[in-house]
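Okay, structure first, notes after.
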Amino acid sequence: MDFLLKLGSRLGNRYVVAIALILLLGFGYAYVTGLQPAARGELLVKAQQLLPIFMFFTLGILLFSGYPVAFILGGLALIFGLLGFLLGSFKLVHFFNFVPRIWGQAAENLVLVAIPTFIFMGVMMERSGIAQDLLYCVQLILKRVPGALALGVTIMGTILAAMTGIIGASVTMMTALALPTMMKQGYSHALSCGTIAAAGTLGILIPPSIMLIVMADLLTVSVGNLFSAAIMPGLTLAAMYLIFIFLAAKLKPSLAPPLPPDLLTVPKGKLGRLLFRAFFPPVFLIGTIKLSILLGWATPSEAGAVGAGGAIVLAALWGRLNWKTMNAVCQSAGRTISMVFFIIISATCFAFVYRQLGGDDLVEHWIKEANLGSWGFVYLVMAIVFFLGFFLDWIEITLIVLPVFSPLIKTLDFGDHVPQADIVYWFMILMAVNLQTSFLTPPFGFALFYIKGIAPKEVKIQSIYKGIIPFVILQLIGLIAVIAFPQLALWLMRVSYS
């Protein structure tokens, strides 16, 4: 043991782990070659059956290593493809299928074209100051309402998060924009952090959401239908947040004191110009994008392009578009877009190898043998998604879970509770609401770490945890409501596309 510790201190823990793995593989190879032919064949069959399970559990372990998820997914696809080749369950020629699958599912996919444009639009609104001005206008409009700033943050967070679609971007954006203002105004740290976290994560549910675009692409269903199905659950959760904040500020004003009168007093002549300049243009742009998609006037990619162009025009009209701003926006949006598509490419390779090794057939067999039924399957997947949300972003969860369970989703049967033709849409809305809930759950909720990383030092992690508790409860109530009343998600979809 002392020898290993000294070796680890000299070479580094990573090299020690690599050496240990090589030795383990050497001992395993020696053990297998020493078996009788019959025992060796039986062991080979068991290894082929258990390889996809080992692949999935290895993924779960490596996700805690801190390495980028895209590298983990891609690396495991290559490693387990080679292991499958050695065990006789995977052919080397299958690696050539990576290129057409990557090209057909990411590079040539017209639906995914909407992702870069929506991300660019959100970053441009934040960097040019349009979002900050809009937040101030919302507070002016709601100045006589208790908790006006928190209500404005909730509304703005929902809108802006839907434009970016990435939890980290939306939560950090709202933390940087709103938290200092809320603290200066004397807002409770817990209420401020809980409001920002809940509003930022709500954007992954309300259209036009990049998460819904990716989910629709994975299951090859209509993006417009999925957008319509997500509106009512998203607005219901937003309404629950607003009611809670209003009641909390009304019952205990010290949690959310109003702005000083001098900051909320704007001359009537200037108020009209301020609203015309900072409120109506971005609201009109966002509303037009949403309606054009929902009413079928434009595809998500077309609407996203209009939104990106509109954000540039607004920044130029107010004199905030210059080379420095455009350079910063392009770099920030480019990094986010690259991360998203790198993960999509790696997850495509991972899912292909997993299926070739028989992973989806094995999962389907186990679930059928367990006699869970349709409701048991739904509860099981919801539990898995909730757990993965503790330490993964939504895009990794959807790209890992949906390809594995998609063959079973289309075979579910809930009788009169959910029509057969609508089960896929209802199930994906459940996943979306569930994913949003898991981002706020301590101790590993992603949104909480984003807030802590940007918040001032006086904001303690205990305050953040305390602040999200009521919002998590509200989200769980919303998830139960969609399960119990499917029409909450399906009614508008049927009306829009009947």
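The values are calculated or read from the model by the stated rules, or taken from the named source; none is laboratory data. Remember, it's a predicted structure, so these values are computed and weren't measured experimentally. Glycine gets a Cβ as well: all are built from the backbone with ideal geometry, and neighbour counts include every protein chain shown. When the accessible area is computed, the model is the full protein with side chains, heavy atoms only, and any ligands, DNA or RNA have been set aside. Shrake-Rupley method; radii C 1.70, N 1.55, O 1.52, S 1.80 Å.
Listing for the model above:
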item: Criterion: over 26 Å from Pro116 (Cα atoms), part of a helix (DSSP H, G or I) and modelled with pLDDT of 75 or more - qualifying residue of Phe377, Phe341, Phe352; result: Phe377
item: Residue count for region 398-445, restricted to those that are modelled with pLDDT of 80 or more, of a type in the set (Gly, Ala, Ser) and surrounded by fewer than 22 Cβ atoms within 10 Å (Cβ to Cβ); result: 2
item: Pick from region 336-356, criterion touching a residue at least 12 places away in the same chain (Cβ under 8 Å) and small (Gly, Ala, Ser), ranking: surrounded by the most Cβ atoms within 10 Å (Cβ to Cβ); result: Ala347
item: Failed criterion for Ser332 (all others in (1) in contact (Cβ under 8 Å) with a residue 60 or more places away in the chain; (2) farther than 19 Å from Ile119 by Cα hold); result: (2)
item: Subset of region 114-147 (residues that are open to solvent by 30 Å² or more (accessible area, probe 1.4 Å) and among the aromatic types (Phe, Trp, Tyr)); result: Phe120, Tyr136
item: Helices (runs of 4 or more DSSP H) (entirely within region 77-195) containing at least 2 residues that are modelled with pLDDT under 75 and within 19 Å of the chain's Cα centre (by Cα); result: 114-127, 148-164, 167-184
item: Helices (runs of 4 or more DSSP H) (entirely within region 220-283) containing at least 3 residues that are at pLDDT 85 or above and either open to solvent by less than 50 Å² (accessible area, probe 1.4 Å) or more than 26 Å from Ala197 (Cα to Cα) (or both); result: 223-251
item: Any hit, region 357-369, residues being part of a helix (DSSP H, G or I), at pLDDT 80 or above and open to solvent by 20 Å² or more (accessible area, probe 1.4 Å); result: no
item: Unmet criterion (only one of (1) of a type in the set (A, V, I, L, M); (2) surrounded by 15 or more Cβ atoms within 10 Å (Cβ to Cβ); (3) at pLDDT 85 or above) for Val313; result: (2)
item: Considering residues of region 316-335 that are exposed (fewer than 14 other Cβ atoms within 10 Å of the Cβ) and among the basic types (Lys, Arg) only, the residue farthest from Met121 (Cα to Cα); result: Lys324
item: Output for region 287-341, where each listed residue is farther than 26 Å from Ser222 by Cα and among the hydroxyl-bearing types (Ser, Thr, Tyr); result: Thr325, Ser332
item: Residues satisfying the stated conditions in region 316-333, i.e. part of a helix (DSSP H, G or I) and modelled with pLDDT of 85 or more; result: Ala316, Leu317, Trp323, Lys324, Thr325, Met326, Asn327, Ala328, Val329, Cys330, Gln331
